[in-house]
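The values are calculated or read from the model by the stated rules, or taken from the named source; none is laboratory data. Everything numeric here is computed off the predicted structure, so don't read it as measured data. Cβ placement follows ideal geometry from the backbone for every residue including glycine, while neighbour counts extend to all protein chains displayed.
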Ligand SMILES: Cc1cc2nc3c(=O)[nH]c(=O)nc-3n(C[C@H](O)[C@H](O)[C@H](O)COP(=O)(O)OP(=O)(O)OC[C@H]3O[C@@H](n4cnc5c(N)ncnc54)[C@H](O)[C@@H]3O)c2cc1C
């Protein structure tokens, strides 16, 4: 029996692939909901995603496990609306509208640079792009662009993608996402991101999934994890164990195990004091409803400048009207880093009203969702967690602790682990 810990996308894809390979497995999830960091909640007939997230139709692995059509994809237009302190630039980057060529959001030199970067990336495979973890941050990589392009487009857009306002993440990620956006389109499932884990789980034998089953410790003998213990005290034996939980949980389970007296007595390894948990990027999302439409486009509004509270916002019902009751508009704003504080909602609202004065007095606050563990820091040279891939012979890691933090990256890691395990049978 293979036990998979964590029913985020990595764990779900792993369990699905194990099932395909006819390998018995059990997927254990501590919470009452599938999907981990990908999900939605219902409130007063609105669907609110747990953080603004999109899928890209240029991803490949995730679509080997869930069918794009079944998600009822609702597409964004490629482009953006830049709000640069009183000036608004709207551009699209796909035919028939190629206003990205004429927009004043970028200088002609910026446009030439963008064309050169695009041409270079189109010649390289994802594997080639991801394999080259050079020591350059995103901020350094884009430093030659004009200040208007950096502050008006790159920081709000890629800061939002990487949840990194300072753009200190590895430039590998910039190149990877830039190419994915170049060749693909961003989409959300009509009924919210929760549809992705739900669709994955519907393909898994329901007897193989247990919710509200938190793994609290591992029992090791002869350098193999033999049993896991649930918070209820139940012990389950395993031949292989996949940790598809987040990095802090894996490190805690492994380190707790390594350092426990009983493990040492049982002949387990005690060498896991090394791996350090990468700090996480905090993010929050705020939702408002409005009876008045702020704008008609299926575009993200990018807030220029480093010190903006809102990194970007979107009238998400322009993309998927299904997320709100008929005729009502739903607005979602992404805020990086900032912990909750009194006055935060009012401050965010006034930034939206600065861009669209018609929103004044019309926004009805629905909810703020705080996500303390958004993604792990992914600086140059430490794109992935500190490697302890094989802490025990039969323990495997999946998710954004060993892959780049994206739905595609974690799906790929879950599938790869299942294939590796299949090879041992
Ligand atoms: C706000 C936000 C926006 C994002 N935007 C995008 C985007 O636009 N595009 C993109 O591709 N990626 C995006 N990402 C990144 C992507 O969502 C994550 O990298 C990915 O979902 C992580 O999946 P995972 O399976 O590795 O981990 P998780 O989703 O964290 O899953 C781990 C699971 O393990 C469970 N668990 C933890 N401890 C235990 C335990 N002891 N026992 C049992 N179960 C346990 C958890 O409850 C959880 O369900 C975004 C992330 C956030 C937070």
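One table, with the values for the structure above:
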| read-out | value |
| --- | --- |
| Options 342, 379, 275: the member that is modelled with pLDDT under 95, touching a helix residue (DSSP H, G or I) at 6+ places or on another chain (Cβ under 6 Å) and not in a strand (DSSP E or B) | 275 |
| Qualifying position, being under 28 Å from the mean Cα position of the chain (by Cα) and within 30 Å of residue 77 (Cα to Cα), among 199, 212 | 199 |
| Contacts under 6 angstrom Cβ, first residue in region 28-46 being not assigned by TED's automatic domain parsing to the domain that holds residue 6 and at pLDDT 95 or above, partner in a loop (DSSP other than H, G, I, E, B) and surrounded by fewer than 14 Cβ atoms within 10 Å (Cβ to Cβ), 6 or more apart | 45/325 |
| Check on residue 347, modelled with pLDDT of 95 or more, over 20 Å from the mean Cα position of the chain (by Cα) and in a loop (DSSP other than H, G, I, E, B) | no |
| Criterion (assigned by TED's automatic domain parsing to the domain that holds residue 94, closer than 27 Å to residue 376 by Cα and outside any loop (DSSP other than H, G, I, E, B)) met by exactly one of 218, 187, 167 | 187 |
| Failed item in (1) touching a strand residue (DSSP E or B) at 6+ places or on another chain (Cβ under 9 Å); (2) closer than 22 Å to residue 404 by Cβ; (3) surrounded by fewer than 19 Cβ atoms within 10 Å (Cβ to Cβ), with residue 182 passing the rest | (1) |
| Test set (1) on the phi > 0 side of the Ramachandran plot; (2) touching a residue at least 60 places away in the same chain (Cβ under 8 Å) - residue 157 fails condition number | (1) |
| Selected residue (only one of 394, 291, 318 is over 20 Å from the mean Cα position of the chain (by Cα) and not assigned by TED's automatic domain parsing to the domain that holds residue 86) | 394 |
